[in-house]
1. Separation between the N327 and A198 pseudo-spin-labels, each 7 Å from Cα along Cα→Cβ, expressed in nm?
2. In which sequence would D278, D211 go, from the one with the fewest C-beta neighbours within 10 Å to the one with the most?
3. I'd like the FRET efficiency for S271 and A145, computed as 1/(1 + (r/R0)^6) with the beta carbon distance as r and R0 of 35 Å, rounded to 0.05.
4. Within the set K126/K288; K92/K288; K165/K248; K163/K248, which residue pairs have Cα atoms separated by over 24 Å?
5. Convert each backbone phi in the range 357-365 into a coupling constant with the Karplus relation 6.51 cos²θ - 1.76 cosθ + 1.60 (shift: θ = phi - 60°), then list the ³J(HN,Hα) values in order as whole Hz, x for Gly and Pro.
6. Any idea how far apart E153 and S317 come out in nm if each label point goes 7 Å out from Cα toward Cβ?
7. Rounded to the nearest 0.05, what FRET efficiency do I306 and R396 give with R0 = 45 Å and r taken as the Cβ-Cβ distance? Could you check?
8. In debye, nearest 20, what is the charge dipole magnitude of the range 149-219 about its Cα centre with +1 on Lys and Arg Cβ and -1 on Asp and Glu Cβ, if you could check?
Amino acid sequence: MDQDNEKVAQPHATSTSSKERPRPEATHSTTETIQSAGSEHVVDSNYVKRDVKLPHASHKGAKVFALVMAIILLALGGVAGWFFIYYNNPDKVLADAVTHFYQADNVVFDGGISLMDPDDEASPIKSIMLDFDLSSLRLPLSTEASLLVLFDEDAEADLDMLKLKLGLVWLTDGAIYLQLGGLHDTIASLNLTPEQRAELQTYIDTFEQIDNEWWRISVPDLIDQLELDSDYDQAFNEMYVCVLDSVKDNDLSDLAPLYRKHSFFSASRVSSRTSRPDVSTPPASGYKAYEITLDRAKLADFLNAIYDQDSEPELVSCLNRVARKYNFDELDFEVNEFTAEDFELPEDFHLYAEISYFGHELRSLNAEWTASDYLADAGLVFTYQSATVNPPDSYRSLTELSDTLIEAFAELNYAWSSLDDETDYPDADYLSNPQEVLN
């Protein structure tokens, strides 16, 4: 029993002996062994008791902190002021948008024009709508346009509807591909009697052959078909090369600094892109709407400044060189000076723009006015991206087109002039010989 107590009083087996561990110089040092539930713990109370005091914040540190916060707040306020007062000033936003437009590598256009008759009895034409797109302002380019004219059903018109489509591809080698569509739909809407349609069936078939076909037009071949004198033939071919080179090199980036110098637009923020009270057209998400005011005098100065950069624009200079080369004194190409009076606008003309809040990118332009009692609207949407232009997969030659058109229009002209006289329709046998009509 005494042996067991002695074992309990001995230090833990893993503790370092007093000979191996130096004692700390402390006035209060004890070693207690606590036994509980078959285990033993050694508590070493060799420590020095000290008071812990938290340092007081100095007045100098508080001043530095307040100064730093004030600088941060002033900086944030300055940035906010710069952003809202200067960066998003309407005139600066518009100037940035126009500059970005001029400096873009390529701009794709998608637009349209519409004329609507607000009065049911004002005109037999109820509406005219033109939609188009354009892949670029330089070669190669492609465009497609569609025209729709709707007539009043109660009006005594020869047509219920006129629907035409035009396709154009213009390549860097000068070749032009042209497509004319909608002829079949237009002919179908003609208010013709069965007798009239039967008499014109030959010509209707001709137009349906042209409908939606692609035609390749070579300007040199077209000039050759005109059978001009050799000097005129060569001169017009060289002039076409002048035009071709000008469209190939159509670079608008030089206009950006000129616009900054002659800013002919001013802007004001609006909530809707229309002045009509019954319509609301808010801007797209991420964009703001602006009403644009045109300064006609500054626009004239801007256009005149374009030509003041050189004594003569390259296109005009090239055309004049060709004219002098072939001694065509009657051909003198020049650019007249513009004045503010050249840009008269209707009194109710309104122009609106959508411009991005960040980056100031011009997204669209919209205009509205009144034209001959019609409510007119026009719009353009801009996309800043490259465009790939390829010729159509199949097409027909210019020679075939010209021969077909000459015959068809000559025959149709004679036939159409006789439609008002019901007793004098052109004889089908006579019209079947187009050479007699052409003569």
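1. 6.2 nm
2. Exposure proxy ranking, most exposed first: D278, D211.
3. Efficiency for this residue pair is about 0.60.
4. From K126/K288; K92/K288; K165/K248; K163/K248, over 24 Å: K126/K288; K165/K248; K163/K248.
5. Those phi angles translate into 5, 10, x, 6, 9, 6, 9, 7, 10 Hz.
6. 6.2 nm
7. Efficiency computed from Cβ-Cβ geometry: 0.65.
8. It comes to approximately 520 debye.
Throughout, read-outs are computed from the coordinates displayed, never taken from laboratory work. Quantities reported herein were computed from a predicted structural model and do not represent experimental measurements. A quick note on method: Cβ atoms are made from the backbone with ideal geometry, for glycine too, and the neighbour counts reach across all protein chains shown.
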